[in-house]
Each structure stands twice: as structure tokens, then as C-alpha cells.
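Read the structure below first, then the notes.
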Amino acid sequence: QVRLVESGGGLVQPGGSLRLSCTAAGINFSICTMGWYRQAPGKQRELVASITTGDTTDYVDSVKGRFTISRDNAKKEVFLQMNSLKPEDTAVYSCNAKVKWVDYWGQGTQVTVSS
């Protein structure tokens with residue numbers, strides 16, 4: 001059974017930092033493209049960052065220069081380092097694993113940026 005478990009969310013002041021982690025189980029992690037999505041209240045879910053099996057990364061324009069995605073294949077983990085957080089970054093962040101045409105999702109972790 002595939003499981004993706006996120007951690008690291010919380011409440012942070014504007015300008016602060018958080019590091020999200022996602023640990024995978026029951027999946028051949030090294031062949032997955034991994035991604036972080038977010039969904040804010042009343043908005044559509046959006047892809048924030050992704051990293052391929054070859055460590056090619058991509059980011060939505062709004063987080064470029066502030067967020068960094070990375071992965072550790074040996075530990076089956078993917079990370080999202082979020083710096084210079086803004087109130088508009090507030091959302092539920094979910095980990096995604098793509099293997100060919102199949103998507104797997106974590107349960108999500110809340111990130112709230114507020115003073």
C-alpha cells in the first residue's frame with residue numbers, strides 16, 4: 001500500500017521560513033516524479049514545485065527564488081524549503097508522487113502565514 005506522509009507545516013510570520021517533508025512508503029520512490037501542490041480556501045489546487053527522477057526542478061512563478069524542492073531517494077523523502085513566506089502562501093500543501101499515469105497523494109499539511 002502506497003503512503004505519502006507530510007510534516008513540517010504550521011504557523012509562521014511573514015518573511016519566515018518552513019521546511020516541509022514528505023516520506024513515502026510502498027512505492028519505488030526513485031522512479032517517481034515528486035511534487036508539492038497547494039490549495040487555498042476558495043481556490044483551485046496548484047502545482048507549486050516538482051522534481052524529476054533526474055533532479056530537474058520546476059516552480060510556479062509566484063515561488064521562484066523563495067522555495068526549493070529537493071529529494072533523498074535513499075530515504076524516500078522529498079522536501080520543500082520555503083523562505084520569505086508571504087500571507088498568500090497560506091494553503092494546505094500536499095505531496096504528490098507520479099509513476100507513469102498514476103498519481104498518489106498525501107493527506108496534506110496546513111501552512112499559515114500570518115502576523
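The values are calculated or read from the model by the stated rules, or taken from the named source; none is laboratory data. If you're wondering where the values come from, they're calculated on a predicted model, not measured in any experiment. Here the Cβ positions follow ideal geometry from the backbone for every residue, glycine too, while neighbour counts run over all protein chains shown. Keep in mind that these areas ignore ligands, DNA and RNA; they rest on the heavy atoms of the full protein, side chains included. Shrake-Rupley method; radii C 1.70, N 1.55, O 1.52, S 1.80 Å.
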Determine how large the accessible area of R19 is when every protein chain is in place; take a 1.4 Å probe and give Å² rounded to the nearest 10. 120 Å²
Place a +1 charge on the Cβ of each Lys and Arg in the stretch 1-108 and a -1 charge on the Cβ of each Asp and Glu, then give the dipole magnitude about the Cα centre in debye, rounded to the nearest 20. 120 debye
Residue-normalised accessible area of the chain, given per residue in Å² at a 1.4 Å probe: 54 Å²
What residue among S62, S21, S84 has the largest mean-square fluctuation in a Gaussian network model of the chain, using Cα springs under 10 Å? S62
So, in the chain, how many Lys pairs have Cα atoms under 23 Å apart, if the pair is 8 or more places apart or on different chains? 9
Considering only protein heavy atoms and a 1.4 Å probe, what is the carbon-and-sulfur percentage of the accessible area of the chain? 47 percent
Say R0 is 22 Å: what FRET efficiency, to the nearest 0.05, do T53 and N83 get from their beta-carbon distance? 0.30
Counting only backbone N atoms under 14 Å from a point 7 Å out along Cα-to-Cβ of K43, the residues of the stretch 86-115 in range are 86-94, 111-114
